[in-house]
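First up is the structure itself, then whatever we jot down about it.
The values are calculated or read from the model by the stated rules, or taken from the named source; none is laboratory data. This one's a predicted model, so the numbers in the text were calculated from it and none came from an experiment. Here the Cβ is made from the backbone with ideal geometry for all residues, glycine too, and neighbour counts use every protein chain on show. Note: areas computed on protein heavy atoms with side chains; ligands, DNA, RNA excluded. Shrake-Rupley method; radii C 1.70, N 1.55, O 1.52, S 1.80 Å.
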Amino acid sequence: MFNFARSRAAATALRSAAKPQLSSRFPSLVQQQRRNLSIHEYLSADLLRKYGIQVPKGANAFSAAEAEKIAKEIGNDDMVIKAQVLAGGRGKGSFDNGLKGGVRVIYSPTEAKMFAEQMIGHKLITKQTGAAGRLCNSVYICERKFARREFYLAVLMDRGSQGPVIVSSSQGGMDIEGVAKENPEAIITTYIDINVGVTDEIARDIATKLGFSEQCIEDAKDTIQKLYKIFLEKDATQIEINPLSETSDHKVMCMDAKFGFDDNADYRQKEVFEWRDTTQEDAEEVRAAESGLNFIKLDGDIGCLVNGAGLAMATMDIIKLNGGQPANFLDVGGGATPAAIKEAFELITSDPKVTAIFVNIFGGIVRCDAIAQGLINTVQSMNLKIPIIARLQGTNMEQAHKLINESGMKIFSIDDLQSAAERSVQLSKVVKMAREIDVGVEFSLGI
């Protein structure tokens, strides 16, 4: 039976291990493939509160009226309203209606209502969302706290040491990547023995090195230990607090939080994964995941339908080596059933740029002839006009080859990987040219 978690883990491990190479080979794959659950800021704040960590008073609103009500309940004339969009750079972003800034200082319930009306239901465009932007469904309203000192602190999983690491800096409240580049000595890295955890001594040492005042050291120590506790108990991959502040009244407070959770732990973190907001994710990737497919949309025009993360990467590589561009990463896993093949084809062909589809399947768990029949049925039922190149290797591959050739469908069955890739790129170019001059695909292919 196909293990989707294992497939995701394989793809994630492959991506992480080869990230420098992937950056040049498939930059959009590295950028788009997110395999850790992210949650909205207001949910992060609620989680921190559950663990006894201090955060500014606030609540989330899904309407302008609710935003006004929350602002009244906060009872403060100095507040902040934040668009709940899973993207960085919200403060410098702009909405599709012209409003500038997804994070605004407000001074009354009336202003809370006014800005909520302009944010909710509109798309926020930031440096991370691209031109399409991302829909804002709610706003988080909280009291504005003034910090005497601001620090950065993150608990992460470190692949190099194969364990947790706490990264901290005295320069909080700013872009940590910029700090690391311009002032690397300001970054403190503390490796944690997972069998020992964050002891009082370790936490106190981090708090002291950050620069908390003497009267706040113990509170900071407790906060660091509680953050690590969340990290372990909730299967987090990342907890980032920026800034972690010492306020003007000497309280240690998390002003902003970013959480990431391991997707492979969803079976034991049911509550956390109920917080997932699929409206913030690529709709096609969400649909693929619901069908047990590992799908990432790319920028090319040759659709790929492959079983196995490694084979999928190899398929994209050989397409590029032959001068083509893959339109997607799609791993149907070991169970390449007719239903999975149909769903995969619907996902691939939903992209109007796709001009050919390269099916590269190794039939081990599922026989090649069964895959071929599912492929034939899908092409027939969907009445596909673009060329399909099928390379089916493994159990009953001869029968599969015969089925395809006798089907009457416009499917090219090719055994050799290089030849199949060449043919995919060639046919893709023919179809692209046909579209440009408005000639039928069947005519352009001579079929």
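Packing, as the average of other Cβ atoms within 10 Å across residues, places the peptides 399-409, 316-326 in the order 316-326, 399-409, highest first. With contacts taken as Cα pairs under 8 Å and at least 6 residues apart, the chain reaches a relative contact order of 13 percent.
Let's see if you can work this out: charge +1 on each Lys and Arg Cβ, -1 on each Asp and Glu Cβ, no other charges. What is the dipole magnitude of the chain about its Cα centre, in debye to the nearest 20?
540 debye
Taking 7 Å steps out from each Cα toward its Cβ at GLU218 and ALA314 produces label points 6.2 nm apart.
Lysine pair count for the stretch 99-200 (Cα-Cα distance under 22 Å; residues 8 or more apart in sequence or on different chains): 6.
Considering the dipole of the stretch 283-437 built from charges on the beta carbon (Lys and Arg +1, Asp and Glu -1) around the Cα centre, which of GLN380, ILE348, ILE365 is farthest to its positive end? Positive-most Cα among the choices belongs to GLN380. With θ taken as phi - 60° and the Karplus curve 6.51 cos²θ - 1.76 cosθ + 1.60 applied, the whole-hertz 3J(HN,Hα) list for the stretch 377-393 is 4, 5, 4, 5, 5, 8, 6, 6, 9, 7, x, 10, 10, 10, 10, 10, 10 Hz, x standing for glycine and proline. DSSP assigns beta bridges within the chain; of those with both partners inside it, close to 75 percent run antiparallel.
Based on protein heavy atoms only, the stretch 283-437 ends up with 39 Å² per residue of surface accessible to a 1.4 Å probe. The shape of the chain can be summarised by an equivalent ellipsoid whose semi-axes, obtained from the alpha carbon gyration tensor, come to 49, 25, 18 Å from longest to shortest. Most simply put, the stretch 283-437 has about 20% antiparallel DSSP beta bridges, counting only bridges with both residues inside it. Extending 7 Å from the Cα toward the beta-carbon at both PHE62 and ASP96 defines two label points whose distance is 2.0 nm. A Förster radius of 45 Å combined with the Cβ-Cβ distance from ASN36 to MET433 puts the calculated FRET efficiency at roughly 0.60.
Convex hull volume of the Cα atoms of the stretch 264-320, normalised per residue: 106 Å³. Please list, in chain and number order, the residues 5+ apart from SER413 or on another chain whose amide H is under 5 Å from its amide H, with Hs placed from the backbone. Under 5 Å from the amide H of SER413: ALA390. Selection among SER424, ASN307, ILE53 by position relative to the dipole of the chain gives SER424 as farthest towards the positive end (Cβ unit charges, Cα centre). To the nearest ten degrees, helix 417-436 and the longest principal axis of the Cα atoms of the chain are 90 degrees apart. With the biggest extent put first, the Cα atoms of the stretch 57-143 measure 37, 19, 18 Å across the principal axes. Distance distribution note for the stretch 344-441: the fraction of Cα pairs above 22 angstrom is 27%.
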